[in-house]
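A quick write-up on the structure given underneath.
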Amino acid sequence: SDANTLYRSTVTATTFSPLSKTVMLNKACVVDNGSVAGFVAANHTIHAITLDPANPVETVISADAIWKNVTVSKDGNRMAAITNSIDTAIFVYDFITKKWAKFTLYNPTAEGTSNKGGVLYADALEFDHTGEYLIYDAYNVIRSTSTDSISYWDIGLMKVWDNQQNKFGDGTVAKLFGSLPDSVSVGDPTFSKNSPNIMAFDLFKGNNIYAIIGLNLETADMGIISTNNTIGN
């Protein structure tokens, strides 16, 4: 019965101010100063909305009805998005130069060269604190002529911007884990609000083992935050 789809709330969840009635495909992404959020609408267009509860202003950033997910850098200068196609691509838009760049997903090999086989598409996206790297999860399928195909989710880091050169990055990819045990997947990565080295992600094995994992990227310390019976998301 509630037509509102997005609210601004206090951290204690005691006061709610409606912001939008647009049906959203997934969660909104908020810039670091809390002034603007971006999201993909149910019709697959990209929207931005100011978060002043007294005067929220919603605009369509991309009217192309092709998008699946979007994220915005902490400073609000760049936006990254994926389409709803299986296209092995992440698209990044720079609001300063008003230019798009397309980056191709791949799985790096042990020798450091790229191997595009296996990875099909990304899903969750988030910029790191520097605005240079995107962390994302990707769905992979390894096909074989002799055995069943192997499918899994893993997490990658891609350099999409170069702060020193002030231009788009070279798209190099590093994997959070070089290899995963059989039937184990990881996904839905997210960075800590206050520490650039702390992140969390989902781990799932088979159909009935789920956990939210915390990781210190600087020390490689890792532990279970919570066990679950579904994806933490």
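Test of the criteria: in the range 130-218, which trypsin sites (Lys or Arg not before Pro) are in a DSSP loop and have at most 11 other Cβ atoms within 10 angstrom of their Cβ? Listed in order of number, the matching sites are R143, K193. At q = 0.13, 0.16 Å⁻¹, what log₁₀ I(q)/I(0) does a Debye calculation on the Cα points of the range 164-233 give, no solvent, two decimals? Evaluating at q = 0.13, 0.16 Å⁻¹ gives log10 I(q)/I(0) of -0.46, -0.65.
For the chain, leaving out every one of the GluC sites (Glu not before Pro) that falls in a DSSP loop and has at most 12 other Cβ atoms within 10 Å, the longest unbroken run is 1-110. Comparing Cα centroids, the range 12-51 and the range 184-233 end up 24 angstrom apart. Computed from backbone phi with θ = phi - 60° and the Karplus coefficients 6.51, -1.76 and 1.60, the 3J(HN,Hα) list for the range 93-98 is 10, 9, 5, 6, 8, 6 Hz; x is used for glycine and proline. Mean sequence separation of contacting Cα pairs (under 8 Å, at least six apart), scaled by the length of the range 27-72, corresponds to a relative contact order of 36 percent. In percent, rounded to a whole number, the relative contact order of the range 124-210 is 25, using alpha-carbon pairs under 8 Å and six or more apart.
In angstrom, the C-alpha Rg and Dmax of the chain are 18.4, 62.
With 27 Å as the limit on Cα-Cα distance, the pairs of K98/K175; K27/K98; K74/K98 that go past it are K98/K175.
Across the chain, Cα pairs under 8 Å and at least six residues apart give a relative contact order of 9 percent. With the cut-off at 19 Å, report for the range 38-101 the share of all Cα pairs above it, as a whole percent. When every Cα pair of the range 38-101 is considered, 31 percent fall beyond 19 Å.
Taking the 1.4 Å solvent-accessible surface of the chain as the whole, the part contributed by carbon and sulfur is 51%. Computed from phi, the 3J(HN,Hα) profile of the range 132-142 under the Karplus parametrisation 6.51, -1.76, 1.60 (θ = phi - 60°) reads 8, 10, 9, 9, 8, 10, 9, 8, 10, 9, 9 Hz, with x in place of Gly and Pro. Based on protein heavy atoms only, the chain ends up with 55 Å² per residue of surface accessible to a 1.4 Å probe.
The values are calculated or read from the model by the stated rules, or taken from the named source; none is laboratory data. Every value quoted in this text rests on a predicted model; they were computed, and no experiment measured them. Cβ atoms come from the backbone with ideal geometry, glycine included; neighbour counts cover every protein chain shown. Ligands, DNA and RNA are stripped out before the accessible areas are found, and what is left, the full protein with its side chains, is counted by its heavy atoms. Shrake-Rupley method; radii C 1.70, N 1.55, O 1.52, S 1.80 Å.
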